[in-house]
Amino acid sequence: MGKIDLRYDDYAQSANTIFNFMKKSEYLKEILEKKAIIPRYCKENLEYLNIHNGDIAFPEAMVLQKCFCDIPFHKLTETFYLNPVGEIYSNLSSDEKKRIKNNYTHTDFYGEYGIAFSKEWGEKNNLQPIHYLNEQSQYTRYFSEIVEQVLNTDNVSDAYVDDILDRLCFIKPLRGIMKRKNKKETGEEIEIEFQKNFHDEKEWRYVPGREAVRNTNIERVVANQYLLEMDINSRLSTRQYEKLWLLYNYEAIRYIIVPNASERIDFINTILNIPEEQFTSESDIMTQKYILISKILVLAEIRKDW
């Protein structure tokens, strides 16, 4: 069997590009200035697995990760219907309910600042499409039983524990509840719960490797409630945790996405001020900066034209 050639985009029925979106401009600036995507601990729902250690339940955990979506470009700004649930939503007026139900896009959920790379780059840099679990399937039930068995058994081998943690890092339920902040017509900020089909996002995920995590004395998966409540993400952007970062070269970037034209100007200045040593010496540095600037796309324009 011949070796597979990864030089060409070959995803015929899904996007050839993966996107990482974020809420704040400083996050995207940090990615550009450090030439690195920094993983953070994100809370993951585990209730559907029904995992217990004796009488202690594990309804959630924090996974060290960075998420990308595999969504065709034109669908990023496509409005879709969501199913809001919960007491806060039920107490809204009919007009507010209608507005919330029908006014969501992927970027509304995850942020209007983004960076995109090819899937080829993702494959070569340890990104993995996650595994969506059907809560009602035998597979999910068997997996839950194995996790509980490991939790409740003494002297389990490190290899066995590592395998379970690997799987926990790359799974998500088909459906679940997400919370997102909204503003009422009065300007009051509220948090609405939505029932969401996660499979629609076709998520790819970066999780730092076992050795990198061990060398920095942290864990890939944290289930301790005390640690869940701590701000354990604030230190991950310091150089002592650089081994955990997902590094890239500027040439690998396909798109840089910002919300509006004024933000584009801000990011042009950000790129112009990136230190020269961050660029290669193989070609003119200003040319490299101009090429990077040319990759900036404005979300407000995409909404109109794509």
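Some notes on this structure:
- Looking across segment 281-299, the residues that are assigned to a helix (DSSP H, G or I) and of a type in the set (Val, Ile, Thr) come down to 285, 287, 291, 293.
- Of all the criteria given as (1) free of Cβ contacts under 8 Å to residues at least 12 places away in the same chain; (2) under 22 Å from the mean Cα position of the chain (by Cα), the one not satisfied by residue 142 is (2).
- Of all residues in segment 262-306, those satisfying the criterion of being farther than 20 Å from residue 27 by Cβ and among the aliphatic types (A, V, I, L, M) are 285, 286, 291.
- Qualifying residue in segment 86-97 (condition: modelled with pLDDT under 85, open to solvent by less than 30 Å² (accessible area, probe 1.4 Å) and either of a type in the set (Phe, Trp, Tyr) or touching a His at 6+ places or on another chain (Cβ under 7 Å) (or both)): no
- Taken over segment 158-170, the residue count meeting the criterion of being open to solvent by 70 Å² or more (accessible area, probe 1.4 Å) and aromatic (Phe, Trp, Tyr) is 1.
- No other residue among 218, 274, 265 is farther than 30 Å from residue 14 by Cβ, modelled with pLDDT of 95 or more and not in a helix (DSSP H, G or I) apart from 274.
- Of the numbered criteria (1) open to solvent by 90 Å² or more (accessible area, probe 1.4 Å); (2) farther than 20 Å from residue 97 by Cα; (3) touching a residue at least 24 places away in the same chain (Cβ under 8 Å), the one residue 155 fails is (3).
- Within the set 236, 272, the sole residue that is open to solvent by 40 Å² or more (accessible area, probe 1.4 Å) and of a type in the set (A, V, I, L, M, F, W, C) turns out to be 272.
- Hey, residue 63 under 25 Å from residue 218 (Cβ atoms), touching a residue at least 24 places away in the same chain (Cβ under 8 Å), touching a helix residue (DSSP H, G or I) at 6+ places or on another chain (Cβ under 7 Å) and part of a helix (DSSP H, G or I) or not: no
- Odd one out for residue 251 among (1) crowded, with 18+ Cβ neighbours inside 10 Å; (2) within 22 Å of the chain's Cα centre (by Cα): (1)
- Some residue of segment 45-56 being within 18 Å of residue 76 (Cα to Cα) and assigned to a loop (DSSP other than H, G, I, E, B): no
- The sole residue among 119, 181 that is basic (Lys, Arg) and free of Cβ contacts under 8 Å to residues at least 40 places away in the same chain is 181.
- The set of residues in segment 51-65 being open to solvent by 40 Å² or more (accessible area, probe 1.4 Å) and in contact with a strand residue (DSSP E or B) (Cβ under 6 Å, 6 or more places away or on another chain) consists of 60 alone.
The values are calculated or read from the model by the stated rules, or taken from the named source; none is laboratory data. Remember, predicted model here, so these are calculated numbers, not experimental data. Neighbour counts run over all protein chains shown; Cβ positions are idealised from the backbone, glycine included. Areas reflect the complete protein model, heavy atoms only, side chains present, ligands, DNA and RNA absent. Shrake-Rupley method; radii C 1.70, N 1.55, O 1.52, S 1.80 Å.
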